[in-house]
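Engineer: Input: one structure, supplied below.
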Number of protein chains: 2
Amino acid sequence: MATGTPPLTDAAPALRPVARAPLHEAIAERLLSHVVQSDLKVGDRLPGERDLARRLGVSRTTVRQAIVVLQTQGILEVRHGGGTFLRDLDPTSGPLARVVERRHRLPAVLEARRALEIPIAALAAERRTEADLAAIASGLDLMRREVANGDIGLEGDGAFHRAVTEAAHNPVLAELMDRLQEAVAETRGESLSQQGRPPRSLADHEAIAAAVVAGDPDAAADAMRAHLDHVADLRLFEIYPPAQDAQEVPR
Amino acid sequence: MATGTPPLTDAAPALRPVARAPLHEAIAERLLSHVVQSDLKVGDRLPGERDLARRLGVSRTTVRQAIVVLQTQGILEVRHGGGTFLRDLDPTSGPLARVVERRHRLPAVLEARRALEIPIAALAAERRTEADLAAIASGLDLMRREVANGDIGLEGDGAFHRAVTEAAHNPVLAELMDRLQEAVAETRGESLSQQGRPPRSLADHEAIAAAVVAGDPDAAADAMRAHLDHVADLRLFEIYPPAQDAQEVPR
DNA sequence: CATACTGGTCCAGTCAGTAGACCAATCTGA
DNA sequence: TCAGATTGGTCTACTGACTGGACCAGTATG
């Protein structure tokens, strides 16, 4: 029997065929990024093909291939002699999510917060170190002082959630939370500016912290869930009804 | 001054030149992954160049280029007529460090997958459209065919999870999953290359799909949880144990 | 309406990667 | 021991993506 190499059922995932995307796909991706980053609106003109080719360090032919791709997807419109124009943005695809309208995004962000922060709270209860607990206490304290001053407690709220995230000791979850950060700040602002919300939120935080200190993952998860329910409850869903864009299948 | 060319202040980061890595670099990376995943020891032999070329879907010339790279880095040793051997592997530094590091992140990645995909499954059960169900069925089918062919079903697995993510109709969660995509692919390969795993995974998928079709969010979440539990059941750290960094507080 | 842009098309050339043949070293088993 | 199979080493012809131009055809604009 072969000793060095694995036997017949030789599943070596690292040795599966490599796939290499053609260059124009990378260029198409870049063009989309450019559209989003430059905040181009429908009808706006893109730079000329020669300009794009020079800036992207690629031949004009390749740029054209990329444009054809985006054209067939209905995203760009090409006018001979006129230029290339933004025709439509498909909000369901990839990083373009940021152009999705706010009222559709808020519930989605809240769902994502629940998905990430409930497990984070549970993990934090399991893994927190002394330093983590100190950071959590400090975040709690900051919000306490802010609320006492009649402030809405944005800073303390942020510090607390960051400290809990750190305490989960999972760099991947932490990175995803970072990614959500911008949007989270938005929902946080919405929530905390509601009448009577900050003291309530503070109480929620104290419950979460208590469960984390006690090292009780289930209680921590429950407390975080309750907290996010309160955040989500409010009038958010009245103001911003969830997107009802596609037909669901009746159950 | 040239007015035709864009001004220097025209910072469009998305339009910077694209860089494309040569194929043999990707191959070298793959070979390193293979070394780590297959738990090769110093002195062990790698598969022959012809075999590698066939499995990686690349020409022998390219494989040789990759081997030369790893040879000059002192990682591989090539013996004419004998084969290619692992010469030295220092997981604490050099190119292997990155591969090992990535591997150490896999448990964290799996936790993140649980956090995201369990709610995603539940949401998918609530919101799936006919088109979503078709995409899910198609992913299922692809994996069924792959497994029937004795393949480990990497493609089908990916297609299935992507389809479920789409069906959740939450662009934020979708983007976060996208962000994880590369790391998730690694957990996938790691899991599916275990003996007898692909058929089991397929059965898990069928359970998830059934719950989504039935529109039962709780069942879908449970099925996804069970599936990810199975996926997470790896023996990852026999070779390169991660560093134990911080003391947890006793509960 | 002249000019200077725009996209549309074509073509010769470059170069990474492929496919296969063949040689040289080495391993293996009768 | 030795023949045959298998390994790495080298070379060549070929393919195809991509390049870098030239040139044509629309369109905008003074």
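Engineer: Calculate what fraction, in whole %, of the accessible area of region B:22-98 sits on carbon and sulfur atoms when a 1.4 Å probe is rolled over the protein chains.
Structural biologist: On region B:22-98, the fraction of accessible area on carbon and sulfur atoms equals 49 percent.
Engineer: Where does the charge balance sit around A:R114 when Lys and Arg score +1, Asp and Glu -1, over other residues with C-beta under 9 Å from its C-beta?
Structural biologist: On the way: positive: A:R113, A:R225; negative: A:E111, A:E117, A:D229.
Net charge around A:R114: -1.
Engineer: Got the A:R144 label distances to the other copies yet, label 7 Å along Cα→Cβ, in nm, shortest first?
Structural biologist: 6.0
Engineer: Of the heavy-atom accessible surface of region B:105-232 (probe 1.4 angstrom), what whole percent is carbon and sulfur? Don't skip to the end; give the middle numbers.
Structural biologist: Working: 2420 of 4800 Å².
Here carbon and sulfur together make up 50 percent of the probe-accessible area.
Engineer: Quick one: Kirkwood hydrodynamic radius for region B:1-155, alpha-carbon pairs, angstrom, one decimal?
Structural biologist: On the way: mean 1/r = 0.0500 Å⁻¹.
Kirkwood radius, region B:1-155: 20.0 Å.
Engineer: Further, regarding this structure: Between the label point of A:P199 and that of the same position in each other copy, find the distances and list them shortest first in nm, with every label point placed 7 Å from Cα along the Cα-to-C-beta direction.
Structural biologist: 6.4
Engineer: From the P(r) of region B:22-98, can you give the percent of Cα pairs sitting at distances over 18 Å? Spell out each step's value before the answer.
Structural biologist: Working: 909 of 2926 pairs.
Pairs farther apart than 18 Å: 31 percent.
Engineer: With each pseudo-label sitting 7 Å past Cα toward Cβ, what's the A:D229-B:E130 distance in nm, one decimal?
Structural biologist: It is 3.7 nm.
Engineer: Not counting ligands, DNA or RNA, and with a 1.4 Å probe, what is A:D39's accessible surface area in Å² rounded to the nearest 10?
Structural biologist: In the full protein context, A:D39 sits at about 100 Å².
Engineer: Can you pull the accessible area of B:E101 for me, 1.4 Å probe, Å² to the nearest 10?
Structural biologist: 100 Å²
Engineer: Something else: Kindly tabulate the residues in region B:10-49 with an accessible-area decrease of at least 40 Å² between the chain alone and the assembly of all protein chains, using a probe of 1.4 Å.
Structural biologist: With the partner chains in place, region B:10-49 has these residues losing at least 40 Å²: B:A14, B:L15, B:V18, B:R20, B:L23, B:R30, B:H34.
Engineer: I've got another one for you. Tell me: how much accessible area in total is hidden between B and A, 1.4 Å probe, Å², nearest 100? Let's see the in-between values first.
Structural biologist: Numbers: alone 15180 and 15440 Å², together 24930 Å².
Result for this pair: about 5700 Å² buried.
Engineer: At a threshold of 8 angstrom on Cα-Cα distance, excluding pairs fewer than six apart, so keeping six or more, what relative contact order does chain B reach in percent?
Structural biologist: Numbers: 267 pairs, mean separation 45.5, N = 251.
Relative contact order for chain B comes out at 18 percent.
Engineer: Once label points are set 7 Å from the Cα along Cα→Cβ at both B:R87 and A:S59, what is their separation, rounded to one decimal in nm?
Structural biologist: Roughly 3.9 nm, to one decimal.
Engineer: With a probe of 1.4 Å, find how much accessible area region A:22-86 has per residue, and write the answer as a whole number in Å².
Structural biologist: On the way: 3380 Å² over 65 residues.
Accessible surface, normalised per residue, equals 52 Å².
Engineer: Can you list the copy-to-copy distances for A:E25, using a point 7 angstrom from Cα toward Cβ, in nanometres, shortest first?
Structural biologist: 1.8
Engineer: If each of B:E25 and B:A210 carries a label point 7 Å out from its Cα toward its Cβ, how far apart are those two points in nm?
Structural biologist: Label at B:E25, label at B:A210, 4.8 nm between them.
Engineer: Rounded to whole Å, give me the distance from the Cα center of region B:50-85 to that of region B:178-200.
Structural biologist: Between the Cα centres of region B:50-85 and region B:178-200 lies a distance of 26 Å.
The values are calculated or read from the model by the stated rules, or taken from the named source; none is laboratory data. All values reported here derive from a predicted model rather than from experimental measurement. Positions of Cβ are generated from backbone atoms using ideal geometry, with glycine treated the same way; all protein chains shown enter the neighbour counts. Heads up: the accessible areas ignore ligands, DNA and RNA and are worked out on the full protein's heavy atoms, side chains in. Shrake-Rupley method; radii C 1.70, N 1.55, O 1.52, S 1.80 Å.
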